[in-house]
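**Q** Below is the structure I would like to discuss, written out as structure tokens.
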């Protein structure tokens, strides 16, 4: 589902806080919104954040300005990419809604504790295609920016967080970090095996304590404290081996 936010979703130049260029682009096979500083031609870090089920492709775009306002040192050094999921939910009554793979929302509303464990062992139909599309985007972004995968953070919210986790575990190289905002476990056995090969991967995982949509306690949103942790997480990804921010 989409995150709750009071921020606007206008594209173009973002004028609140820091001036950032926000443009539509195609990376791999996915339509994206790319947010970067006008002077940020070769970023030091790229951040790819995938929206949740039912949200429009630009749902998470306001996060970029909020993060850069909170951490000005990132403004000219980080490029944000917000991909749009391939499936339209217009036929289900969500005119702008997108999905990475189909969900049986009515079935999910009826699940009990035993059903949750079973669902966490499943690989949803459509996950493989969504992963292929996201990995293709990451590879194209790497070519476009000259950044290796270990300088690209991948993450998302809700269904987007599940996809990001699956992609991070399937990449040939460990990414710079994984951001899991209100996600849940899928493909339990496969993820457990692949996670061993990702030892040392920096992970930020946040979840509320009363979430009616995914099994954990908390609202299905990105609260202010989670945004602060995300900002700090990205700032730490910019640190060198001596724990000092690199200067140009």
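The values are calculated or read from the model by the stated rules, or taken from the named source; none is laboratory data. It should be emphasised that the depicted structure is a prediction, and the values quoted were computed from it without experimental measurement. In this analysis, Cβ positions are derived from the backbone assuming ideal geometry, glycine residues included, and neighbour counts consider all displayed protein chains.
**Q** Looking only at region 95-124, which residues are modelled with pLDDT of 90 or more and surrounded by fewer than 17 Cβ atoms within 10 Å (Cβ to Cβ)?
**A** 95, 96, 102
**Q** State all residues of region 170-189 that are part of a helix (DSSP H, G or I) and touching a helix residue (DSSP H, G or I) at 6+ places or on another chain (Cβ under 9 Å); if no residue qualifies, say none.
**A** Selection gives 170, 188.
**Q** Additional query: Scan 163, 169 and give me the residue that is over 23 Å from residue 105 (Cα atoms) and at pLDDT 95 or above.
**A** Only one candidate qualifies: 169.
**Q** Every residue in region 1-42 that is at pLDDT 85 or above, surrounded by 15 or more Cβ atoms within 10 Å (Cβ to Cβ) and in a loop (DSSP other than H, G, I, E, B), please.
**A** Once the filter is applied, which keeps residues that are at pLDDT 85 or above, surrounded by 15 or more Cβ atoms within 10 Å (Cβ to Cβ) and in a loop (DSSP other than H, G, I, E, B), region 1-42 yields only 28.
**Q** Let me ask another. Conditions: (1) closer than 21 Å to residue 51 by Cα; (2) modelled with pLDDT of 90 or more. Residue 185 meets all but one. Number of the miss?
**A** Answer for residue 185: the failing condition is (2).
**Q** Criterion first (over 18 Å from the mean Cα position of the chain (by Cα) and within 19 Å of residue 180 (Cβ to Cβ)) does residue 123 satisfy it?
**A** When the stated conditions are applied, residue 123 passes them.
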